[in-house]
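Please read the structure below before turning to the comments.
The values are calculated or read from the model by the stated rules, or taken from the named source; none is laboratory data. Bear in mind that the values here come from a model prediction, so they are computed numbers and not experimental data. Cβ: placed from backbone, ideal geometry, glycine included. Neighbour counts: every protein chain shown.
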Amino acid sequence: MNLPADLKYTATHEWVRLEDGVLLIGITDPAQDMLGDLVYVGDVKVGAVLAAGETAGVVESVKAASDIHAPVAGEITAFNEALEATPDLLNSDPYGTWIFKLRATDAAAVQSLLSADDYHGVVDAS
């Protein structure tokens, strides 16, 4: 199972990377594997202010649809528009392809997210 140690994770299968003061959020390798071939990524509203755990968008595959959640409270500042035409980028490069960017209300909240080891336990339990 591919889980980069430099990322933070959520129990709802999002990964988080801090870059230039903004959080990049995507879905984990186990999540894209469970979903299968992705055919749609969207419903992300740039400018939306979300609480931690609120739905930020959706990913759909040939098997199922799944909500994408805000890992911490904040404002969505960008959506990866490349995913509109090629949602399967998340299948081929889940950790190199972010879905949305979030400016956290409290940057320290990121530290409370799961480590790679903790997330591994979540995946094993599901």
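Some notes on this structure:
- A residue that is more than 15 Å from residue 29 (Cβ to Cβ), at pLDDT 95 or above, out of contact with any Gly (no Cβ under 7 Å at 6 or more places or on another chain) and among the aromatic types (Phe, Trp, Tyr) occurs somewhere in the range 66-87.
- Any hit, the range 52-62, residues being aliphatic (A, V, I, L, M), surrounded by fewer than 19 Cβ atoms within 10 Å (Cβ to Cβ), under 12 Å from the mean Cα position of the chain (by Cα) and not in a helix (DSSP H, G or I): yes
- Taken over the range 27-51, the criterion of being farther than 21 Å from residue 125 by Cα and not in a strand (DSSP E or B) is satisfied by 37, 43, 44, 45, 46, 47, 48, 51.
Matching residues to (1) more than 15 Å from residue 97 (Cα to Cα); (2) not hydroxyl-bearing (Ser, Thr, Tyr):
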| position | (1), (2) |
| --- | --- |
| 17 | no, yes |
| 26 | no, yes |
| 30 | no, yes |
| 42 | no, yes |
| 48 | yes, yes |
| 52 | yes, yes |
| 61 | yes, no |
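- Contact annotation: residue pairs with Cβ atoms under 6 Å, 6 or more positions apart or on different chains, pairing a residue in the range 54-76 that is among the basic types (Lys, Arg) with a partner that is surrounded by fewer than 16 Cβ atoms within 10 Å (Cβ to Cβ) and not in a strand (DSSP E or B), are 63/36.
- Residues (of a type in the set (Asp, Glu) and outside any helix (DSSP H, G or I)) located in the range 93-124: 93, 106
- Test: residue in the range 34-41 that is modelled with pLDDT under 95, out of contact with any strand residue (DSSP E or B) (no Cβ under 6 Å at 6 or more places or on another chain) and closer than 18 Å to residue 119 by Cβ: yes
- For the range 7-26, taking the residues that are assigned to a loop (DSSP other than H, G, I, E, B) and not acidic (Asp, Glu), the one that is surrounded by the fewest Cβ atoms within 10 Å (Cβ to Cβ) is identified as 21.
- Any hit, the range 101-114, residues being more than 16 Å from residue 22 (Cβ to Cβ) and either among the aliphatic types (A, V, I, L, M) or crowded, with 16+ Cβ neighbours inside 10 Å (or both): yes
- Cβ separations smaller than 6 Å between residues 6+ apart or across chains give the following pairs from the range 78-100 residues that are touching a residue at least 40 places away in the same chain (Cβ under 8 Å) and surrounded by 15 or more Cβ atoms within 10 Å (Cβ to Cβ) to residues that are charged (D, E, K, R) and in a helix (DSSP H, G or I): 94/29.
- Matching residues, the range 89-126, being closer than 16 Å to residue 9 by Cβ and aliphatic (A, V, I, L, M): 90, 99, 102, 104, 109, 110, 113, 114, 116, 122, 123, 125
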